[in-house]
Amino acid sequence: MNTLNKQIDHPRTTIDYLAHHPAVIPELTQLLYTEWADLYLAAGLTQQDLRAALEQRSVTNQLPLTLVAMAEDGTLLGAGSIKLDEPGTKAGLSPWLGGIYIKESQRGLGLGAQIVTALEQKARELGVAALYLSADTAEGFYLRLGWQTLERVESFGVRDVVLMTKQL
Ligand SMILES: CC(C)(COP(=O)(O)OP(=O)(O)OC[C@H]1O[C@@H](n2cnc3c(N)ncnc32)[C@H](O)[C@@H]1OP(=O)(O)O)[C@@H](O)C(=O)NCCC(=O)NCCS
């Protein structure tokens, strides 16, 4: 299936593939790099590296991929990805949910949950049996969505994170 265009709970908002909205890649790069600057710097990744990764995730039927939440007028509201690895955490686990980000003014409206659910559904369609993620302040958000805590680790020695998993 090459289209997602999932109409979600709140009016005039759509969850879609980043592949269908290439114009938002620069803004999304900036938002994600600002949110997780310490981890990107610890990993030796520049903004340009992140932008290249998002361009690589601009696909519809294979991993890694990125979904975006878009307002009807084409404004970016948030995003989330499925990635093949999560540097700085634990080797050998894959794939990973990551980069789940909702713009501050749009939080608490259910968009984050909708993006995570859409990513889980897409992973299931692609034959993924279990997903992993690393979280710091959002453990409760994922517990509500049926994720289980695996263990606590120190990501790159700069952030305490919790590793979580969900069977699909
Ligand atoms: C975490 C984040 C994605 C949540 O997005 P959101 O759109 O505000 O979340 P939702 O409105 O879908 O919330 C769904 C549920 O989780 C709860 N929730 C939201 N953020 C939470 C948090 N940080 N901790 C615990 N619970 C949380 C909500 O209260 C809601 O509960 P309910 O279903 O009982 O009403 C958003 O706050 C964000 O982008 N934060 C900055 C980046 C970040 O931390 N990303 C996660 C990386 S692991």
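The values are calculated or read from the model by the stated rules, or taken from the named source; none is laboratory data. Remember, it's a predicted structure, so these values are computed and weren't measured experimentally. Quick reminder, even Gly has a Cβ in these numbers, built from the backbone with ideal geometry, and neighbours come from all protein chains shown.
The single condition among (1) more than 17 Å from SER134 (Cα to Cα); (2) assigned to a helix (DSSP H, G or I); (3) in contact with a strand residue (DSSP E or B) (Cβ under 7 Å, 6 or more places away or on another chain) that VAL59 does not meet is (2). Scanning the range 132-146 for residues that are part of a helix (DSSP H, G or I), at pLDDT 95 or above and more than 13 Å from the ligand (Cβ to nearest atom) turns up nothing. Inside the range 71-127, residues that are under 22 Å from GLU151 (Cα atoms) and free of Cβ contacts under 8 Å to residues at least 12 places away in the same chain make up a count of 3. Of the numbered criteria (1) buried (at least 16 other Cβ atoms within 10 Å of the Cβ); (2) outside any helix (DSSP H, G or I), the one LEU50 fails is (2). Residue count for the range 74-130 under the criterion of being over 26 Å from ALA43 (Cβ atoms), more than 12 Å from the ligand (Cβ to nearest atom) and over 16 Å from the mean Cα position of the chain (by Cα): the result is 5. Total residues in the range 53-107 satisfying the condition of being buried (at least 18 other Cβ atoms within 10 Å of the Cβ), of a type in the set (Lys, Arg) and either more than 17 Å from LYS166 (Cβ to Cβ) or at pLDDT below 95 (or both): the figure is 1.
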